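S.K.: This structure is in structure tokens; I'll ask about it shortly.
The values are calculated or read from the model by the stated rules, or taken from the named source; none is laboratory data. The structure presented is a predicted model; accordingly, all values stated were derived computationally and were not measured. Every residue, glycine among them, receives a Cβ derived from its backbone with ideal geometry; neighbour counts consider all protein chains shown.
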Amino acid sequence: MTASPIAAVPLRIAARRLPREASALRHEVRGFLAEQLSAGGFQPRCDSWLGGWDRSFSLALGCRGWLGMTIPTADGGHGRTALERFVVVEELLAAGAPVAAHWIADRQTGPALLRYGSPEQRRRYLPAISRGELAAAIGMSEPDAGSDLAGIRTRARKVVGGWKVTGSKVWTSGAHDADLLVALVRTGDADGDRHSGLSQLLIDLPRDGVTIRPIRLLTGEHHFNQIHLDEVFVPDDAILGEVGRGWEQVVAELAYERSGPERFLSTLPLLVELVRQLDGSANRQAASAVGGLVAQLWSLRQLSVGVACAHDQGKIPDVEAAVVKDLGTRLEQELVDVVRLVAGVEPSSTGTVLHMLLAEAILHSPGFTLRGGTSEILRTIIAKRVLHG
Ligand SMILES: Cc1cc2nc3c(=O)[nH]c(=O)nc-3n(C[C@H](O)[C@H](O)[C@H](O)COP(=O)(O)OP(=O)(O)OC[C@H]3O[C@@H](n4cnc5c(N)ncnc54)[C@H](O)[C@@H]3O)c2cc1C
């Protein structure tokens with residue numbers, strides 16, 4: 001890896017190895033994926049956690065106990081460790097499997113509900129997440145508030161028995177197919193601190209007063225949306241956690257959102273296909289380029305495993321997660337350039353598997369360093385740790 005100021009970050013995570021049981025689990029997941037592939041259950045794709053929406057695949061994973069893995073059995077989950085989940089997730093991403101339908105719910109809505117949800121909210125949503133039945137959407141960004149998230153203007157006004165919500169959310173991944181929108185809204189005044197007076201609401205979809213309109217990707221796919229909320233009534237028991245503590249809660253949620261293998265494996269299926277095509281015939285230059293990518297991937301994986309361990313210990317490794325995302329998403333983009341150079345092919349939606357994966361990766365890659373927080377914002381978070389410890 002090139003020298004970077006990130007080398008100066010005092011990261012508070014220890015290098016970890018995956019537990020022994022993880023290899024048996026990995027073997028099991030690979031067997032399942034091989035079966036699915038040979039039965040034509042899915043076509044490997046890049047960025048499958050964004051574009052590979054397939055509810056039946058999510059249900060099949062749920063049946064095998066591979067969703068809601070870290071949710072306790074008493075809450076309808078499987079009581080396994082974040083490291084075991086890590087193994088399942090990295091195998092699914094490496095195979096380019098269609099995991100988008102359950103991705104947000106499994107990655108961050110489940111943990112958020114576990115941390116802040118009422119007993120009734122846990123009963124209502126956690127078993128469904130573990131079965132792969134519930135698709136969730138993140139309602140954080142707004143037309144004038146992305147990086148500056150504390151500037152959101154969607155407001156929830158207190159009424160008898162609940163809240164009336166009015167405002168607009170944008171870039172909301174999968175909202176048109178989701179069952180639940182977890183929205184960050186303003187419930188109180190900022191009182192000099194813009195981070196106060198924010199709350200999270202669980203808004204079941206579809207719902208009266210919620211209009212969801214598509215914003216198409218460069219590929220033409222319908223992935224994300226703009227949402228308009230017009231005096232939408234949500235009951236009091238739809239508040240997640242505490243009224244006014246939404247900022248603290250989303251910071252914890254973002255640590256889950258930023259640190260997983262999806263932040264460095266989105267384009268791995270492209271590298272796998274390149275290696276398959278080279279089939280041992282790589283020249284020195286190609287071997288060195290591929291070797292460089294693999295070395296970087298391995299280092300990032302170690303870091304990401306360390307963050308998963310921190311989650312297992314109940315910590316909120318927000319700065320460490322920012323490091324994984326900043327380095328990982330840049331590597332995902334660099335991988336596309338390297339493959340294009342080494343393979344000497346142009347992207348095409350009708351050529352070989354390599355052509356198609358390349359075309360998909362090129363069109364999706366601008367979003368890698370934006371979604372979940374831009375690189376500039378992540379580096380600001382990291383710099384604050386360097387400066388203030
Ligand atoms: C594929 C994809 C999926 C997404 N899915 C979701 C979703 O499901 N839910 C959701 O809520 N949001 C989602 N987003 C939105 C994403 O979180 C925002 O795009 C991101 O936070 C940036 O906000 P913005 O687009 O408003 O850009 P802006 O905040 O306007 O930033 C524009 C540019 O200015 C830079 N900049 C802004 N402020 C600063 C600063 N203080 N210092 C230095 N540079 C700065 C940024 O780094 C960026 O380069 C998604 C985005 C993408 C691309």
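S.K.: Please verify whether segment 295-317 includes one or more residues that are out of contact with any helix residue (DSSP H, G or I) (no Cβ under 9 Å at 6 or more places or on another chain) and either within 16 Å of the ligand (Cβ to nearest atom) or over 18 Å from residue 82 (Cβ atoms) (or both).
M.R.: The answer is yes, given that some residue of segment 295-317 is out of contact with any helix residue (DSSP H, G or I) (no Cβ under 9 Å at 6 or more places or on another chain) and either within 16 Å of the ligand (Cβ to nearest atom) or over 18 Å from residue 82 (Cβ atoms) (or both).
S.K.: Still on this structure, I have one more. Out of (1) over 21 Å from residue 183 (Cβ atoms); (2) touching a His at 6+ places or on another chain (Cβ under 9 Å), the odd one out for residue 87 is which?
M.R.: Every condition holds for residue 87 apart from (2).
S.K.: Go through segment 152-194 and report how many residues are within 15 Å of the ligand (Cβ to nearest atom) and either assigned to a loop (DSSP other than H, G, I, E, B) or modelled with pLDDT under 95 (or both).
M.R.: Total satisfying the criteria: 10.
S.K.: With touching a residue at least 40 places away in the same chain (Cβ under 8 Å) and under 30 Å from residue 156 (Cβ atoms) as the only criterion, which of 328, 246, 306 stands out?
M.R.: Details: 328 fails: under 30 Å from residue 156 (Cβ atoms); 306 fails: under 30 Å from residue 156 (Cβ atoms).
After applying the criteria, what remains is 246.
S.K.: If you don't mind, another one. Exactly one of (1) charged (D, E, K, R); (2) within 16 Å of the ligand (Cβ to nearest atom); (3) more than 30 Å from residue 146 (Cα to Cα) is unmet by residue 330. Its number?
M.R.: Only one criterion is unmet by residue 330, namely (3).
S.K.: Going by the structure shown, is residue 144 over 22 Å from residue 107 (Cβ atoms) and within 15 Å of the ligand (Cβ to nearest atom)? So that I can check it myself, show each step before the final result.
M.R.: Numbers: over 22 Å from residue 107 (Cβ atoms): yes; within 15 Å of the ligand (Cβ to nearest atom): yes.
When the stated conditions are applied, residue 144 passes them.
S.K.: Okay, moving on. Pick out the one residue from 299, 281, 304 that is within 16 Å of the chain's Cα centre (by Cα) and not charged (D, E, K, R).
M.R.: Values: 299 fails: within 16 Å of the chain's Cα centre (by Cα); 281 fails: within 16 Å of the chain's Cα centre (by Cα).
It is 304.
S.K.: Can I ask one more? Residue check: is residue 346 closer than 13 Å to residue 271 by Cα and either within 13 Å of the ligand (Cβ to nearest atom) or not in a helix (DSSP H, G or I) (or both)? Can you show your working first?
M.R.: Working: closer than 13 Å to residue 271 by Cα: no; either within 13 Å of the ligand (Cβ to nearest atom) or not in a helix (DSSP H, G or I) (or both): yes.
The answer is no for residue 346.
S.K.: Has segment 94-116 got any residue that is touching a helix residue (DSSP H, G or I) at 6+ places or on another chain (Cβ under 9 Å), within 16 Å of the ligand (Cβ to nearest atom) and among the charged types (D, E, K, R)?
M.R.: Checked segment 94-116: at least one residue is touching a helix residue (DSSP H, G or I) at 6+ places or on another chain (Cβ under 9 Å), within 16 Å of the ligand (Cβ to nearest atom) and among the charged types (D, E, K, R).
S.K.: Name the residues in segment 261-296 that are closer than 30 Å to residue 249 by Cα and part of a helix (DSSP H, G or I), would you?
M.R.: 261, 262, 263 - these are the residues of segment 261-296 that are closer than 30 Å to residue 249 by Cα and part of a helix (DSSP H, G or I).
S.K.: Identify all residues within segment 199-231 that are in a strand (DSSP E or B) and away from the ligand (no atom under 14 Å from the Cβ); write none if there are none. If you could, list the steps in order and put the result at the bottom.
M.R.: Restricting attention to segment 199-231, the residues satisfying the condition of being in a strand (DSSP E or B) are 199-204, 210-216, 222-231.
Passing the criteria: 199, 202, 204, 210, 211, 213, 228, 230, 231.
S.K.: Restricting segment 54-82 to residues that are in a loop (DSSP other than H, G, I, E, B), out of contact with any Pro (no Cβ under 9 Å at 6 or more places or on another chain) and not small (Gly, Ala, Ser), which is surrounded by the most Cβ atoms within 10 Å (Cβ to Cβ)?
M.R.: Just the residues of segment 54-82 that are in a loop (DSSP other than H, G, I, E, B), to begin with: 54, 64-72, 76-81.
Add one more test, that the residue is out of contact with any Pro (no Cβ under 9 Å at 6 or more places or on another chain), and what stays is 64-67, 69, 72, 80.
Pick out the ones that are also not small (Gly, Ala, Ser) and you get 64, 66-67, 69, 72, 80.
Details: 64: 13, 66: 27, 67: 29, 69: 24, 72: 14, 80: 20.
Only one residue tops the list, namely 67.
S.K.: Suppose we filter segment 232-249 for residues that are acidic (Asp, Glu) and in a loop (DSSP other than H, G, I, E, B); how many remain? Spell out the reasoning first.
M.R.: Restricting attention to segment 232-249, the residues satisfying the condition of being acidic (Asp, Glu) are 236-237, 242, 248.
When the remaining residues are screened for being in a loop (DSSP other than H, G, I, E, B), the result is 242.
Count: 1.
S.K.: Tell me yes or no: at least one residue of segment 359-372 is surrounded by 14 or more Cβ atoms within 10 Å (Cβ to Cβ) and away from the ligand (no atom under 14 Å from the Cβ). Even if it seems obvious, please write down each step before you answer.
M.R.: The first filter runs over segment 359-372 and keeps only residues surrounded by 14 or more Cβ atoms within 10 Å (Cβ to Cβ), leaving 359-365, 367-372.
In the following step, the residues that additionally are away from the ligand (no atom under 14 Å from the Cβ) were identified as 359, 362.
Yes, that holds for at least one residue.
S.K.: Within segment 313-341, can you find the residues that are outside any loop (DSSP other than H, G, I, E, B), over 18 Å from the mean Cα position of the chain (by Cα) and surrounded by fewer than 22 Cβ atoms within 10 Å (Cβ to Cβ)?
M.R.: First, the residues of segment 313-341 that are outside any loop (DSSP other than H, G, I, E, B): 318-341.
Filter again for over 18 Å from the mean Cα position of the chain (by Cα), leaving 334-341.
Within segment 313-341, 334, 337, 338, 340, 341 meet the criteria.
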